[in-house]
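Student: Okay, here's the structure, questions in a sec.
Read the figures in this text as sums done on the coordinates, not as results from a lab. Values in this document were obtained by computation on a predicted structure and should not be read as measured data. All Cβ positions, even for glycine, are placed from backbone atoms using ideal geometry, and neighbour counts span all protein chains on display.
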Amino acid sequence: MSAFGRLVRSLGQVVPAFRRHYQLIDALIAERDALAQQVALQRTSGMPIGDFRVPSPAPLTRPEQGVVDAFHHLYYSSWQQGQPTIDVSWFGWRTLKCPLDLWIYQELIVADRPDVIIECGTRYGGSAAYLASLFDLLGEGRVISIDIDTDPALNRPQHPRVTYVAGSSIAPEVVEPIKAEVAGKRVMVILDSDHSEAHVLAELRVWNSVVPIGGWLIVEDTNVNGHPTHPGHGPGPMEAVERFLSEQPAFVADPACERFRMTLNPRGYLRRIAA
Ligand SMILES: C[S@@+](CC[C@H](N)C(=O)[O-])C[C@H]1O[C@@H](n2cnc3c(N)ncnc32)[C@H](O)[C@@H]1O
């Protein structure tokens, strides 16, 4: 490293503007390493992998944002009656995700090539099945999906790449064995369980340490409590994300993951850019 680089890095310990600068340098180094890892892994995978890079979206004008919010309300309009407007399935397994977000997941997984995805909140298992199918295409990877509800009537899909864990996503007896199991692996985390602010913040604090530099920590359903839907929900995932980002500068929300405009996870695609 040059003398200037060393100076910037040491100033970074004390001056916030420089700290940001060297975090970005670290992020670029991590990006380069991840790409090298991707190329190496590609040799063992059946599916050739392209080099598409996600573009950043242009900001919306106020009227355009109004259109997006109106569609968002329309998409969600029957949740208030206890039924989702649009039921979504993957290979016949029900999932509570928006297809536009599932596509973003596919892009992130192909680019990041996690060894393990930890999913907090299984419900019917359709999202776990979807992630496992992507891993099938990539030729490696597994899903650990945690839920407090073990009702057999949920009829979850059985898949060799999916391990279901019963319990709370913040309980030490659930968290600690999983952390030991994934130590040293490239991990992606998806938080989609109890959508109260307190629970999501606890999950963020518990799970962020397993996400490597360049890796992803995804918070689902940040759109509730008026962001822009479900104004009566009460403080939820978005409020937890804002609090977490204010206390943990190693993560940033990536707007490129919101470029399809409609997402259930605004500011919920968090990427680690520093140790
Ligand atoms: C929104 S659903 C998950 C949807 C699923 N990921 C999908 O996309 O199809 C939320 C799930 O979180 C579970 N849950 C609620 N509180 C939890 C907790 N403390 N720990 C783990 N799971 C919890 C619920 O039982 C429910 O099945």
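Student: Given a Förster radius of 41 Å and the C-beta distance between Ser89 and Ala180 as r, what FRET efficiency does 1/(1 + (r/R0)^6) yield to the nearest 0.05?
Tutor: The formula returns an efficiency of 0.75 here.
Student: Give the Debye-formula value of log10 I(q)/I(0) at each listed q (0.09, 0.15 Å⁻¹), with one equal scatterer per alpha carbon of region 145-275, two decimals each.
Tutor: Calculated log10 I(q)/I(0) at the listed q: -0.27, -0.77.
Student: Of all alpha-carbon pairs in region 138-201, indicate the percentage at a distance above 16 angstrom.
Tutor: 54 percent
Student: Per the Kirkwood formula on distinct C-alpha pairs, the Rh of region 45-272 is how many angstrom?
Tutor: For region 45-272, inverting the mean 1/r across all distinct Cα pairs yields 18.0 Å.
Student: Run the simple label-point estimate for Arg205 and Ile148 please: 7 Å along Cα→C-beta, distance reported in nm.
Tutor: 1.8 nm
Student: Need one number: convex hull volume per residue for region 165-235, Cα atoms only, in Å³.
Tutor: Given the Cα convex hull of region 165-235, per-residue volume reads 89 Å³.
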